[in-house]
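Note sheet for the following structure.
The values are calculated or read from the model by the stated rules, or taken from the named source; none is laboratory data. Predicted model, so just to flag it, every value in this text is computed and none were measured. No Cβ is skipped: glycine too gets one built from the backbone with ideal geometry, and neighbour counts run over all protein chains shown.
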Amino acid sequence: MAALPLIQPSNSAARFSASAAKRSIFSAPTVDINDESTEQDLLKEQEMGHSSVLTLHLDPSPIGKGVSVGSWTKNNRTIGATFRPCTNEIAVYVAGKKAAEEFPIKQQSSIKDNTVFLCQASIPESRIPFINQTFGVFLNTTTKDPYHLPEVYRRHYEQYYEVIQRYLLQLYEQSKNEMAIVDATANAQELELVEGFSSIWKLSESVFLTTDDKKPIAFMFSEWLAAHDAGLDLEVGKTILASTERTLHPHFWPYIHQCLLRGMRESVVFIVEQTLNDETDDKVADALEGFLKVLQGIPSSESFVPDGKSLERHKKWQEDCEEFSKVPQLSHLGEDGKKAMAILTGNVEIILDLAASWEEAFSAILLYTNPDCSRYDLLPMLKICIASYLQDSEETLLDRIKIAILEMDAIKTLRHCGNFHPWLVAHLADVFQQYGYLDMSDLRLQDIASIGWDTNIRDFFIMNHAQSLMSNPNLWEAISGYLLNSGHIGKAMLSEWICHVPLGSSRKAHKVLRFCKDNNLNDSLRSINRVMAVEEERRGQYALAIQHFIASRDNDRVAKLTDNLMVSYLQSGGLDLEDALASIPDHTSNDHVEFLRSYAKFHQDYKNGDVRNAGRKLVDLLTSSRAPKKYWAVILLDALPLLENKQMVVFDTKDTYEMMRCLEEVVGSQHKAEYLQPLPKNASSPTLTVEMREQQLNVVRLLLVRNLARSLVHAPRVAPLDSDANGTMMTD
Amino acid sequence: MNQVTKFDGTHEDLIHDVAFNYYGNRLATCSSDQKIKIWDYNESLGIWESNISFKAHSCAVLKTSWAHPEYGQVLASCSFDRSVIVWEESYHDAVKKWTSVATFREGNGTVQDVEFAPNYLGLRLGIVAADGLVKIYEAMDITNLLQWTMIDSFPVSEGPSKDEEGNHCLSWCTSRFTSQMMVVGCAKEHIAKIFRQDLNNKWQACETLSGHGGVVHDVSWAPNMGRSYHLIATACKDGHVRIFKLTDDTQGGALAGGWTRKMFNVTCIADFADHSVEVWRVEWNITGTILSSSGDDGKVRLWKATYTGDWKCMSVVSAEEGPHVFQR
């Protein structure tokens, strides 16, 4: 008996159609590419599209039972909606059209008028791993060339189908335990959807993407049919095998016919062998033996070896079939036996009569009339099958997709898949593009490009898919990855959208920042850093805020923050500047931060009694322009204890001159009041006038003059910063 | 499209506007009860929780707009009391409080629309009142929101502009690659106009979005997203939703670098009468790919473009009673 396919399609696959229930706003018609062969299709779609717009009724209805919309809106009410950034959710609410003051009598409002509804096209939790896994496959394949290293490409690309199958298995498992599932309907819908993915993906692969050119499409199609079409009930086969008089079993011949139509050689050979072994009637046994012999020659992918003689062998087998059809012993198998032989001889009329679906008929016609048919020549046979089985009204979306695939019309396939689901069309479009099916030099595509839209088909669908994922912000990495790989518009969308992703934890924030940095999303990087800086500043985390402002290149804000820190330090004295700056990496290059850091180190050295280094740093702050001029007065005042040092002349003549120059620049400036402002207040006089502040600097001036004299006598003593020269010890 | 959650706005009168903050994790609702309420999204529970409610104006609060978060938690509201107030969330003894940091009193009529400018322009606020004057205010020091200056003011139409029936509305162009622009719905003229600054930084009415059969109730300028064209949607009293496409006018001299009143070719690329009755609001999502429209038919419609630029209604949310179907 033929091996059961790994995954048995559920019955839902057979009745699958594009019901409104499983479509989201993102999966509704998104492509409309006109080509001459599909004008009728388009008309049909328009009709269908009009009726298939989804309507969600708010629960509970804000209008209520028995109230007409007209009378409801006359009472100053209407409906309003606003998009939730990042997720594309919409908040829907009853909106007052005019202010209450415009009505002489106060109108009554109830809870029905005050409910805010949040609506979105949500993604089921069970689909999240599938989305993430296929995103991984997308990243691996999208940058590779299927013609350059086909094996490498194939290895990655085949994972799409593997992931689909894994998810399908998981859903089958879940559906077996439906009792345990809260939302069994949702699971059934998801199962239908993924069965559709699996079916379409495999068929597309067989027709468009296979690298196995040696394997005729006839066999690939029958394999696809066995795996993805639930038309054959394997349980019937088991029942037939269990019965005693098999040829008399009412389902024996119909089952044999169906197996033959579907090219299930092994299954039918097994059943006939078993039947032959148990058959007691010699005449029937003879007929079955002859039949079995013919069956064993049914063309299969194994028999079609590329030795150039396959067609010859097949012709010979067809002649054998024709011959056996005419032998009198076949009459012992009855009319059904003759019909079976008619299938094998490729009698199209009988095949169309017996097949349960156009797919079955197509499989049989292909297999028994032209097994070596090229995938480019399927159209005539396809037309025969469609005409016999599908009325326009019965044609489902899945039918249209399958037909478009078999017609090898990539654009039509994508158009219909665009109506099916954004995941499917995005990934198919990506692979089609890589295989060259969406070459923009195609005349039909040039027509589209001339309309003036800025994106190609593949990018359009990838962006669409990314947007359909936005309802779940946890998928931000996949969304970003897809947008990043969909042209300049995708990148522009990403640049805006990623700024709206709620950062939540600092871990997520840093991941988002890292992503932006790695992918040169510089505007987003700046924007996110700026927002984080403001937030850190609000929380009093100044060092973190400074880091983010440096990253967002907001030097003014860094200056403002460092000023705040300096003022707090000068006013309270309790702030440990070094501690406050500790978390800022040493390599951070910013003048304001460098100043604060050097100033803090100067104080630290002084506190530690390292007068020599403190003096060096102080002079360096003044002479290297590191310290903003508004802090010169403060720094000069800080020099007081060093100037008063009796053991050592800390500043040499040159430094003293420099400090004197700085002092004069401060007090002689027209901005004197501003420069003197940061000087510490006196506890006894909390408000200082400019004169009082200048008075403080007069002390510095006096000490500088005295130090000049001392330095002339005891020079030199302050070495350059990098030198380890010692200060001059006083000998007196 | 599914109803994910809902909450009671708890206002004592009709809500006029609901506005999400930049991240969509905060909501502001405003109402004829003169109050603004702030709602926070509780991510772990998936529900919206009331954060604060405060009396904001002395009359109905008609609209609110959130500033970019780089300016902190800042909200602007406009009211029938002819004023606009800028609110800032602050902490007093670890208690959150919304403080009014600036009030702009507009003498001649209800302030009908308020919207913060795109953040690359700084902290700017565009407002339009019933007197037909658009005013632009700016916070000169973004670390101190107490100081605001009116940096521009211009009439939406020439001649007496007070219009009893119609309302004015505005929407900023968020693209940073063009001069600052906004679209303004000009009540009595039944049109919307694009305003932008000329070479002397004076705001001038430029292109006209015409073809409306009534007052333009709302306008929305789609985020540009690197496209070579702009999209603007209008909601009209005549029951139509219209989408206008603005493409560079290569004949008009715009590309030569000079200022011109005609920088764009304006084409109405979609005109939908599906609502059939007055349409009050239109709004784009942040990627400028989905448009929502809502009207007196009690329905919110979502519109989306096909690959060939054909706009189609994708989904409808109805306030009327109907079957509740789970949709995926």
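Quick notes on this structure:
- Test: residue in the stretch B:157-170 that is modelled with pLDDT of 90 or more, surrounded by fewer than 20 Cβ atoms within 10 Å (Cβ to Cβ) and touching a strand residue (DSSP E or B) at 6+ places or on another chain (Cβ under 9 Å): no
- The set of residues from the stretch A:66-82 being over 16 Å from residue A:115 (Cβ atoms), in a helix (DSSP H, G or I) and within 7 Å of another protein chain (Cβ to nearest Cβ) comprises A:69, A:73.
- Scanning the stretch A:479-530 for residues that are in a loop (DSSP other than H, G, I, E, B) and either at positive phi or in contact with a strand residue (DSSP E or B) (Cβ under 8 Å, 6 or more places away or on another chain) (or both) yields A:504, A:520.
- Here residue A:125 clears all of (1) free of Cβ contacts under 8 Å to residues at least 12 places away in the same chain; (2) surrounded by fewer than 17 Cβ atoms within 10 Å (Cβ to Cβ); (3) more than 22 Å from residue A:421 (Cα to Cα) except the condition numbered (3).
- Filter result (surrounded by fewer than 16 Cβ atoms within 10 Å (Cβ to Cβ) and among the charged types (D, E, K, R)) within the stretch A:223-243: A:233, A:235, A:238
- Test: residue in the stretch A:606-621 that is closer than 27 Å to residue A:533 by Cβ and at pLDDT 85 or above: yes
- Among (1) touching a Pro at 6+ places or on another chain (Cβ under 8 Å); (2) loosely packed, with under 15 Cβ neighbours inside 10 Å; (3) closer than 22 Å to residue A:506 by Cβ, the one test that residue A:540 misses: (1)
- Some residue of the stretch B:56-69 being surrounded by fewer than 20 Cβ atoms within 10 Å (Cβ to Cβ) and under 26 Å from residue A:80 (Cα atoms): yes
- The residues on offer are A:187, A:132, and the sole one that is outside any loop (DSSP other than H, G, I, E, B) and either among the β-branched types (Val, Ile, Thr) or within 21 Å of residue A:478 (Cα to Cα) (or both) is A:132.
- Qualifying residue in the stretch A:530-545 (condition: free of Cβ contacts under 8 Å to residues at least 24 places away in the same chain, touching a Ser or Thr at 6+ places or on another chain (Cβ under 8 Å) and away from chain B (no Cβ under 14 Å)): no
- Residue check, residue A:86 part of a loop (DSSP other than H, G, I, E, B), surrounded by 18 or more Cβ atoms within 10 Å (Cβ to Cβ) and facing another protein chain (nearest Cβ under 7 Å): yes
- Those strands (runs of 3 or more DSSP E) of the stretch B:1-115 in which at least 2 residues are more than 11 Å from chain A (Cβ to nearest Cβ), among the β-branched types (Val, Ile, Thr) and touching a residue at least 12 places away in the same chain (Cβ under 8 Å), considering only elements entirely within it, cover B:35-42, B:83-92, B:95-105.
- Residue match in the stretch B:157-164 (condition: within 19 Å of the chain's Cα centre (by Cα) and in contact (Cβ under 8 Å) with a residue 40 or more places away in the chain): no
- Flag if residue A:240 is in contact with a helix residue (DSSP H, G or I) (Cβ under 9 Å, 6 or more places away or on another chain), under 24 Å from residue A:320 (Cβ atoms) and of a type outside the set (Lys, Arg): no
- Residue A:594 fulfils the conditions (1) of a type outside the set (Val, Ile, Thr); (2) under 23 Å from residue A:680 (Cα atoms); (3) without any contact (Cβ under 8 Å) to a residue 60 or more places away in the chain; (4) in contact with a helix residue (DSSP H, G or I) (Cβ under 9 Å, 6 or more places away or on another chain) except for a single criterion, (4).
- Leading residue by the ranking (farthest from residue B:19 (Cα to Cα)) among those in the stretch B:278-305 that are more than 7 Å from chain A (Cβ to nearest Cβ) and hydrophobic (A, V, I, L, M, F, W, C): B:305
- Comparison of A:237, A:263 shows that the only residue that is assigned to a loop (DSSP other than H, G, I, E, B) and at pLDDT below 90 is A:263.
- Taking the criterion of being part of a loop (DSSP other than H, G, I, E, B) and β-branched (Val, Ile, Thr), the residues of the stretch A:280-306 that qualify are A:280, A:298, A:305.
- Test: residue A:626 is basic (Lys, Arg) and outside any helix (DSSP H, G or I): yes
- Residue within the stretch A:114-127 that is under 25 Å from residue A:479 (Cβ atoms), within 13 Å of chain B (Cβ to nearest Cβ), in a helix (DSSP H, G or I) and not hydroxyl-bearing (Ser, Thr, Tyr) present: yes
- Residues of the stretch A:355-407 that turn out to be in a loop (DSSP other than H, G, I, E, B) and farther than 24 Å from residue A:196 by Cβ, as a count: 5
- Where residue A:504 falls short, out of the listed (1) at the interface with another protein chain (Cβ under 9 Å from one of its Cβ atoms); (2) surrounded by fewer than 23 Cβ atoms within 10 Å (Cβ to Cβ); (3) touching a helix residue (DSSP H, G or I) at 6+ places or on another chain (Cβ under 7 Å): (3)
Residue by residue, here is whether (1) buried (at least 17 other Cβ atoms within 10 Å of the Cβ); (2) assigned by TED's automatic domain parsing to the domain that holds residue A:697; (3) among the hydroxyl-bearing types (Ser, Thr, Tyr) holds:
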| residue | (1), (2), (3) |
| --- | --- |
| A:621 | yes, yes, no |
| A:631 | yes, yes, yes |
| A:640 | no, yes, no |
| A:647 | no, yes, no |
| A:651 | yes, yes, no |
| A:656 | yes, yes, yes |
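- Scanning the stretch B:283-307 for residues that are in contact with a Phe, Trp or Tyr (Cβ under 9 Å, 6 or more places away or on another chain), aliphatic (A, V, I, L, M) and either touching a residue at least 40 places away in the same chain (Cβ under 8 Å) or assigned to a loop (DSSP other than H, G, I, E, B) (or both) turns up B:286, B:291.
- Qualifying residue in the stretch A:380-397 (condition: within 34 Å of the chain's Cα centre (by Cα), farther than 25 Å from residue A:255 by Cβ and crowded, with 19+ Cβ neighbours inside 10 Å): yes
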